[in-house]
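The values are calculated or read from the model by the stated rules, or taken from the named source; none is laboratory data. Here the structure is a predicted model, which means the values were calculated and not measured. Here the Cβ positions follow ideal geometry from the backbone for every residue, glycine too, while neighbour counts run over all protein chains shown.
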Amino acid sequence: MEIQAIKAQHKLLRKWDYNWTPLTRGYTDKTLYINVGTSEVKEKDVPAIMKEKFIGGKGYGLRLLWDATKPETKWDDPENEIIISSGPIGGITQYSGTGKSLVVTISPQTDSVMDSNVGGFFGPFLKFSGFDALEIQGKSDKDIIVFIDGINHKVEIFEAPGEAPDSHRLTEQLTEIFADNENEKKSIGIVSTGSAADHSLIGMLNFSFFDPKKKKVRLKQAGRGGIGTVFRNKKIRALVCKIPGVKGNLNNVVDLDAIMERGKRFNREMRELDDSQCQMKQTGTAHLMEIMNDHDLLPVMNYKYGSHRDAFKIDSSVWKRHFTQNVPDGCWIGCNMSCSKRIDDYTVKTGPHKGQVVIVDGPEYENAAGLGSNCGIFDPEYIIETNFYCDTYGVCTITWSTSTAFIMECFQNGILNMERTGGLDLNFGNSEAALEMLHQLARGEGFGKIAGTGVRKMKELFIRNGWGDAAFLNDIGMENKGLEYSQYMPKESLAQQGGFALTNKGPQHDEAWLIFMDMVNNQIPTFENKAEALHYFPMFRTWFGLVGLCKLPWNDVEPESNAQSDEPAKVPEHVDNYIAIYKAVTGLEFDRKRLVEDSERVYNFQRVFNIRRGYGKRINDRQPYRAAGPVTKEEYESRADRYDKQLKEKVFVDPMGKTTEEKMKLLRLYREDQFEKLTDAVYKRRGWNKDGIPSIEFLKKIGMDFPEVLDVVKKHL
């Protein structure tokens, strides 16, 4: 359908004019509320106490969601919300990695609070349009587009029946529709999802950004927890935000010179050090492929193994050849890390978009490892094709990867067969069947629809149908709290097991990535050391989500002198940069202690929010045994020397003469005990009791002593 014909089908349902509030010190102190069911639109003031306690970003999302919902609210209830918020630093252009925003909702997968960080233009553009957060509630009965016009200061809701269902075409169409000329395309940010989000619990959101070199719309993903499913359940086709442009000091900061000085320092590091460190400009996060494989940390065949002889077929050298090189490649204006790698002019080979020439954003490490080695598929063409379709269909690639790997192991063990999968031969390595399963999901049919429920729901279904042993399924199903594991092998790193399982939302590596500190460098040998790391790093990383920052510029390039610093894992010079920038934006006094304290308040609020919803306790922090040790005989025997040595040196048992099954049982008892001891140590460090509930005293100490928060805790102590 032609663009004008699509536009002609738009029916204006609501128009709301507003008085624009410019940013002051990174804030407008206004939020935008839209009920897509009733078409109510209004502006809300941000209370001073909310600004002080919750800062922005994820903090604002959590506070607004708490106030909007009840403990029993379900993900598909009209009162569930989607909140998008950046933060006071978000949107500055003088330092790299400042384009992030956070999306918060009640998750279809976990039934609890989900947050997901994302790049792209929409979050900062929302701020420049006059709002620190967007709060969407209600359910429409027809497909709609919400247009936030930051030029003419109005919000419009359209019925939109004619747009393409999938993100890569939808965002192109909407950019053409809402840009009055070619130059305006770079001033439009779009949030969308695709057809698979209509038929699954694992839908994600695409946030667009305009590539000025390619003159094309590109996509970044808010992937985790099924946020795209909530989006489509509300019948939202897209959110569109348009602004006059990005220039100068739109955040109206206190000390722009200080920010520029830190930005110049970091840009020099990128120019001079990136080639010898992570090569983010050349390969993005895919540089991790061979590093993980070399250290036995690359997930292979549903996390059975940590390396594979064919891993070289999908390592960073392969992606470097596929990626377009030597072009600015950031998902936010002014970011010099240029890690948003792309494959240009890719011809789609399968499915409804076969024959189209498209840009593929990625693959990033998670996609290459998850779609590739974790499914026993070492074919870059398959990874590229599936990466493209996951994005345009609106499917979280991490969740899809781990779900597919689980399905393949079930197929290998006879839990699934071709009769149960509708004719799909889903053995490890079968890329054709895996891709067809994804296309089925987008069509809402066949076994693909079952796969789209995620690992936890599949386990429950298989057990209910009598298709496999419940204990085995729970051991190999790599999910915690209902969220699938991201693509790192945690078996040999107890700290990383905690970094995945002892989280608020589930096993996502944005809380703590401690594998090298723990396993490779042995920097945190005791339970107390590990607990300290599992306190500091989740709090530090929480702060990124409060203020609008991307993690990658923090530690994916490091100053020359970092190795000689007191705490190199923390990259203290870069932490100092962030403290200086926060002070320069807001004018507030700030230091490292305050950074952690601000994060502790929000982190513990999220923990109590989970408790309010019936989760957030020790039982919910349990991990599948595959995350801790070998579930099967073949796993143990593939690393027998390692495991036998551990039995001798740590369990004080001589493995000689014992069967593999006997050794596995002894090792399991030891490793499960180690995790329980780690859990005790982490809870103690975080100010929680043995069941994982924050104490009243600790909540008062950190200033999270709202009466409604304390009431929830008192009911569960």
Item to check | Every residue from region 1-48 that is among the β-branched types (Val, Ile, Thr), crowded, with 17+ Cβ neighbours inside 10 Å and more than 20 Å from Asn251 (Cα to Cα) | outcome: Ile6, Ile34, Val36, Val41
Checklist outcome for this item: When (1) surrounded by fewer than 17 Cβ atoms within 10 Å (Cβ to Cβ); (2) in the same structural domain as Ala628 (by TED's automatic domain parsing); (3) under 25 Å from Glu366 (Cα atoms); (4) of a type outside the set (Gly, Ala, Ser) are applied to Pro507, the one that fails is (1)
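Let's see how each residue does on (1) more than 26 Å from the chain's Cα centre (by Cα); (2) surrounded by 24 or more Cβ atoms within 10 Å (Cβ to Cβ); (3) hydroxyl-bearing (Ser, Thr, Tyr):
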site	(1), (2), (3)
Gly223	no, yes, no
Gly226	no, yes, no
Lys234	no, no, no
Asp257	yes, no, no
Next on the checklist: Take the conditions acidic (Asp, Glu) and not in a strand (DSSP E or B) and apply them to Glu52. Does it pass?
Outcome noted: yes
Item to check | Asn465 vs. criteria within 23 Å of Val631 (Cα to Cα), more than 22 Å from the chain's Cα centre (by Cα) and touching a residue at least 12 places away in the same chain (Cβ under 8 Å) | outcome: no
Item to check | Residue that is surrounded by the fewest Cβ atoms within 10 Å (Cβ to Cβ), among those in region 273-310 that are on the phi < 0 side of the Ramachandran plot and polar (S, T, N, Q) | outcome: Ser276
Item to check | helices (runs of 4 or more DSSP H) lying entirely in region 344-449 (those with 1 or more residues that are over 30 Å from Asn465 (Cβ atoms)) | outcome: 380-393
Checklist entry - In the set Ser86, Ser39, which member is modelled with pLDDT of 95 or more and within 27 Å of Ser340 (Cβ to Cβ)? => result Ser86
Checklist entry - Name the residues in region 12-44 that are over 21 Å from Lys234 (Cα atoms) and in a loop (DSSP other than H, G, I, E, B), would you? => result Tyr18, Asn19, Trp20, Thr21, Pro22, Leu23, Arg25, Gly26, Thr28, Asp29
Item to check | Residues being touching a Lys or Arg at 6+ places or on another chain (Cβ under 8 Å) and of a type in the set (A, V, I, L, M, F, W, C) - total across region 37-65 | outcome: 4
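Return the residues of region 139-154 that are buried (at least 19 other Cβ atoms within 10 Å of the Cβ) and not in a strand (DSSP E or B); say none if nothing qualifies.
Those that are buried (at least 19 other Cβ atoms within 10 Å of the Cβ) and not in a strand (DSSP E or B): Ser140, Gly150.
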